[in-house]
Each structure stands twice: as C-alpha cells, then as structure tokens.
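Encoded as structure tokens, the structure appears first; notes follow it.
Laboratory data are not the source of any read-out in this text; all were calculated from the coordinates shown. Computed from a prediction, not measured in an experiment: that's the story for all the values here. Every residue, glycine as well, gets a Cβ built from its backbone with ideal geometry; the counts of neighbours run over all protein chains shown.
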Amino acid sequence: MIKPRCLFTLLLVSCSVVFAQNKPPATLDEYFNSVSFNAIRPSPDGNALVIATSRADWDAQAFRKELWLYRDDGRGSGTLTQLTQSGHDENPRWSPDGKWIAFLSERKLIAGKEGDAAGNSSSDVSQIYLISPNGGEAFAITRGEDDVHTFAWSSDSTTIYFATRTPWTKQQTDAYKKEWKDVIQYRAAERGDTVFSLRLADAIATHNAAPGKEGPDDAPTTTPEAKAIAVSPWRLDDLDASPDGHRLAFVTTSISQRQEKVNEFEIYTVDLSNANPQVQPKQVTHNEAVETDLRWAPDSIHVFFRVDLGSVEGKYQDTQPRLYWVNADNNQLDRWASDFTGAVASYAPTQNGVIAGGKMGTEIATYTQTSPDKPFTKINGVPGWYEQLASAEHSPRVAFVHSTIEQPTEVYLAESVDKLSQARPITSLNKLFTERDLPKGKPYRWTSDDGTSVEGMLIYPPGKFEAKNLPMFTLIHGGPADADGNHFEADWYQWDRIPATAGWLVFEPNYRGSTGYGDKFLMQIVPEIVSRPGKDILAGVDALVKEGIADPNRLSVGGYSYGGYMTNWLITQTTRFKAAVTGAGAVEHVANWGNDDTTMDDAYFLGGRPWETAQRYHDEAAIFQIDKVKTPTHMVGGADDIRVAVLENYLLDHALFALGVPSRLLIFPGEGHSLSKNPWHGKIKVREELKWLQKYGGM
C-alpha cells in the first residue's frame, strides 16, 4: 500500500532536494524497470481513480499490464492498491454508477477459469472483464475467437456495448480452414466489425451459473447472451454511448489496420431505439482526416474527436493535432482551440467545455475552453508535461500524468482545474528516480540555414550542466510530427538520459516537421521529407560546435523510425559523425511506400505517390548517395514491422557491407514497429547502441 504525501507545488522544491547530496546515477537496469502509465480513469464521483500501468517482466519476457485503484480518504490523502495481477489488463472504464470497472484482458480461459494459478498465461485474444472496486476476483463477460476491439458502458450502467470482428460459426471457420489451409488471403479474408449489446445482469447470471459455457456449432463463436445491434464494413477503433442513452458513436479504421485510404476513417452513430444489423449506422463525418479519441459531450448532441493525420477542412494535409466536435444531428463541425498555434495533445470533456493538454515548444501545459468560440486559456501550473488529462463526471476533480526531465512520471490529482498548481501525487511507482543523480536539461535555440529559428533540447550528463566541449550524441525524434521537451521518459525509444548518464551531451532537435511550433513550421517538411529537416539538424550541430558546447571531434547521431530516416540521410550528407545508431529507418521511399501501413502521409510528405513524383522519391532517398557514407553504423529492426519494413534495414546493411563501412544489424523476432512484445529486445537495443557509441564515438 502506497500513501503519497508531497503536494505538487512543493514537489520540485522540497521532494527534489531530498537526498540531493551524493546520489548515485541511475543504471541501465533501473531505467528499464520504470513504470509507464497507459490510462487514468476517475470514478464518476471523483473519489477514486483506476490507473493502467505497464512494466517489464524480465522472467516472462513480456510487459506486465496491470490495474491499480486509488481511493481518497476524504482528508486530502488516499491509498493506492493493486487491483489486478494477471499482467494482461488494460483500458479500464468505470460503470456510470461507480459499481463496476470493466477492462480488456488477454487472460487465458480454461473451462471458463483463468489459466494458471498466477494468472500469467495469455490467450492473445482480448475479452472484456469485470471487477468490483470493493474487491473480489475479475471475471470475463465476453468470449470468442476474436479480440474485442473497443467497448462502452450504457449511461444507466445496465448494458455494455462492444465491437469485435463479425464472428463466424464453427462450421464456417472449419470450412474456411479446409479450403485455404494456411494460405493468407491478403485483404480478401478480412471482414468488418459487429457491434453487440450485452445486458450486465445476463452476463453476471451466466458467469454465476455456468461460466465458460459455449454454444452449438452452428452458433457464432462469440458471447451467446450478446445481441448484434449494428454492423460495419470497417474495424471499430473507439466506441462511446451518449449520456442520454439514446445513441452510440464510433469511429472506424481499416480492417487491415493499414492507413491506405482516408475514407475508411469516419465517425458514425447508431440510434439505440432502432438498433439492429439491418439498419445502416449514420455517417456524421465526411473528410480526409483520421479521427481518433472519440467522446460524447455532456449535451448528448456533439461528439468530440482529435485529428493527428489529415484534414477536416479540405484536401489531405498534416497540421498540428487538432480538437473538433461534430453535431450528430446535422453533421456541423466546429474546431476547438482554433486560436492556439500549438498541438492539442490530449483532452477531456467537462460540464463546462474541455480541459486539454496544449503543446507549445518544449512544454505541454493545461488549457481550458468553454465553447469553440471562446478563448483557449492557459492554466497556471509548474513546468513540464501534462498528459492524459482526465475529468470526473460528477466532480470538479482533474487527474493527469506529469513529469519533467528531473522529475519522474507519476499520476496527480487536483481538486479542480483552477487548483492545478496544488495537485498532489497519488502514485510513487517511479520514486527510485528521485533518489538518483539524473541528467539536467534545457531548451536550446539556433538559426537554420534559411534564417528560421529552430528549438530543441540539451540533456547534460549528471554534474556537468552547461559544461563545455562535451562529446555530443544527436538523438532525433520520430514522427516526424512529434517533439522532444521537458518530460521524463526512459525506454528503448526515448533513451536520451541513458547516454547522458554515460557522459554524453544529448542534443534533441525539434526540426521542421515537429509539433508545437505552428502549422507552417510543421508543413515545411513537404516535399523535402529528409533534406529540409536535415539542414535544420546540421545547423544545430554547427551552432553547438561554434559555441564551444560540443566537441567537433566527438560527434555521433542516431534515431528510430523517422529518426532512423534522418540518421540514414545525414550520414550521406556529412562524415563528421564518428558513429551512428539507426533503427526502423527507410533508405528509399518506393518500396517503403508499398510496405508502410501509413501510406497516406508518406505520399503527402513527398508530394505524391511514387509514379507521380518519381524524381522526388529518388532525390530524398539515402540509398542513392550511400557511397558517401564513412560512418560506422549500428542498425536494429523488428522482424514483423509493417510501419517501416525490416527490408529497409537489410538494404542499408547490405550497402554498408558492400562498401566496407563498419556496421552491425540486430533483428528482433516477433516485434513490430514499437518493440512492445519482449522488454529484453528494447534493453538489448539500447545496451548495444550505447556500446557502439562508446566504441566509435570518441569517448
């Protein structure tokens, strides 16, 4: 049981100076044992909070996904206890009456019961489970051969709506296997989703009477008590029920989970008074955007959503992440935070409008807005990143995740949004890092070759803040629509503090194409997908060398995903980097367009598809200048990556091997783009990249 005490306003002052003297640096093992917060959900009355976490389980070679429950004691404090322990639990949602918590889990069911005694086995099929916040065991209320993609509670807590791939009967499944064996029918074998309603009383009665009971062979292989109420040719990504109980809203995505056609991503509603699979759901958006984060407004008329890719207003283009709502009656769209030049990183509807995390430069602050035509107003708080903002339905309380470079990530609770600066931490799962000598950082600005001001972050080794003539590792963020800033993260992707702890000055450039600096800055990456950002980055390196901050003889570079694109490009543009570490980065764009699961933005960034702008695809590709490379290069990739196919890694490795450039390639089996399967893969990645920097980087 954990009882966090420090007030948020005192945390950076008092809690940060505890053990201020003689603290040891954090180790690689400690960084990789940090806890991530995947979701926070306040109870309807605001007196409790369910928190979804993820951490490495080294023995199981997997990430443990667990739920925690915080309860307020009514005296300005509370207790945090672990709610589930299977290691497979995520996406919690309170029932509106506060009596149940539903969540998704891949726990294995054997005769209706959890797998082994420790609950560690996984079926790789996600189903809905229920647990009481007052204690007791969780139990499954859905079953079937396909994942539950998304679910929502009815406003009266009597029903759960959920979406899964349209189920087949056992006879249909057996017939398909007999005809096709193990042959994959790409696209042709895919099918859309069906939305079901499941009465809570029926689910509980079935569980109590005969848990795990299956239907006959000619019945669909899904929950027998569930009733189909809608079908879609697409996969469902988000599902939410209106507060008045009259409608469902959902957003669709590609059945293949590849972003290839923008019309596959739209918002629909279902009239629950006339809900059946023969009635077509109403389409309420028609645009060239990828909608996400769907939630009903309290008025039961408007549906909020964010857009990270594409455009609501016109032809496809990538701008700062934006917040909208659509009137489900007449399809009228309005943009929120239209006077804000940064990115809307997260939001939560409230009875008085919205609260949102707004990214400007290297900070994410909290903002409020009462209606689309009112100002987007910043709320005073301490520096850092405010993420995963969450509001309670019947309470002014606000919860969020917060961190800074020197303050580890934890969950906080404020009595109201206007008392944000008085928020108190309700977790201390990353407390270890308050007892370590962490790197310090600060924003850094320079002028690019065309006179544009560019910003990034400098992360200094412990005890060397603002020192000069340091060995420098340029770590390039992915996206490209992302940005580095004043926050704490320590994993295989955002591993800046690990080389900093090893003695490197880490330079993180927010080049053209980054978020938090306005639409014009972000869009200037088009159509020079690597050459324009490359000039920004090299100008930053030049400025740091000229100011005597970086040692020109000890420069290295690296990045993953789009950061890998940039690393591969930069080592063809200069030989000044002594070492490079690159992961999941393309070296050409034609095959990458064909293999990528997000081809819409690839074509946008390059001004068209391969046959439309062939010369651009050639000019922005590192492979056609690869003979200029002299930099020893370390490469990594996931064997099952479809975002940047592992073939790009093999192509780069083959080219460097042919040229006699020192290189090394690591392939992680079973991993996609995010290296989310086995924590050992990310740890080995960073361990070996750090060794490569030390071997070739001049340390």
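Shown is the FRET efficiency for Lys99 and Ala228, computed with R0 = 25 Å from the Cβ-Cβ distance and rounded to the nearest 0.05: 0.40. Other residues with beta-carbon under 12 Å from the beta-carbon of Ala226 carry, at +1 per Lys or Arg and -1 per Asp or Glu, a net charge of +1. Model label sites at Ser453 and Lys695, defined 7 Å from Cα along the beta-carbon direction, differ in position by 4.3 nm. Karplus-derived 3J(HN,Hα) values for the range 85-100, using 6.51 cos²θ - 1.76 cosθ + 1.60 with θ = phi - 60°, are 9, 6, x, 10, 10, 7, 6, x, 9, 6, 5, x, 8, x, 8, 9 Hz; glycine and proline are entered as x.
Report note on the peptides 480-486, 89-95, 668-674: ranked by the mean count of other C-beta atoms within 10 Å, highest first, their order is 480-486, 89-95, 668-674. Residues whose amide H lies under 5 Å from that of Thr598, counting only those 5 or more places away or on a different chain, are Gln259; hydrogens are built 1.01 Å from N in the peptide plane.
The angle separating the long axis of helix 170-180 from the principal Cα axis of greatest extent in the chain is about 40 degrees.
Roughly how far apart, in whole Å, are the Cα centres of the range 661-688 and the range 135-165? Answer, in whole Å: 35. Which option, [x] 26.6; [y] 31.2; [z] 28.0, is the value of Kirkwood radius over Cα pairs in Å that was calculated from these coordinates? Read-out from the structure maps to [x]. For the chain, the longest principal axis of the Cα atoms and the long axis of helix 200-209 meet at an angle of about 80 degrees.
Between Tyr316 and Asn330, the modelled labels are 3.1 nm apart [label points 7 Å from Cα along Cα→Cβ].
Here the range 667-696 is scanned for amide nitrogen atoms under 17 Å from the site 7 Å beyond the Cα of Leu28 along Cα-to-Cβ, giving 667-668, 679-696. Under 5 Å between amide hydrogens, built in the peptide plane, is the criterion, and for Asn38 it picks out Ala52, Thr53, Ser54 among residues at least 5 positions away or on other chains.
Distances between placed amide hydrogens fall under 5 Å for Ala275 paired with no residue 5 or more residues away or on another chain. Projecting the Cα atoms of Gly564, Ser663, Gln278 onto the charge dipole of the chain (Cβ charges, centred on the Cα centre) puts Ser663 farthest toward the positive pole. Distance between the modelled labels on Lys378 and Lys177, one decimal in nanometres: 6.0 nm (7 Å Cα→Cβ projection).
If you plug the beta carbon distance of Asp418 and Asn263 into 1/(1 + (r/R0)^6) with R0 = 51 Å, you get a FRET efficiency near 0.75.
Taking θ as phi - 60° and the Karplus parameters 6.51, -1.76 and 1.60, the scalar couplings of the range 556-573 work out to 9, 8, x, x, 10, 6, 4, x, x, 3, 5, 4, 4, 6, 5, 6, 8, 9 Hz in sequence order, x denoting glycine and proline.
Going highest first, how would you order 227-233, 98-104, 658-664, 363-369 by mean Cβ packing within 10 Å?
Highest to lowest by the protection proxy: 363-369, 98-104, 227-233, 658-664.
Couplings 3J(HN,Hα) of the range 350-364, computed from phi: 10, 5, 10, x, 9, 10, 8, x, x, 8, 10, x, 9, 10, 10 Hz, in residue order, whole Hz [Karplus 6.51 cos²θ - 1.76 cosθ + 1.60, θ = phi - 60°; x for Gly and Pro].
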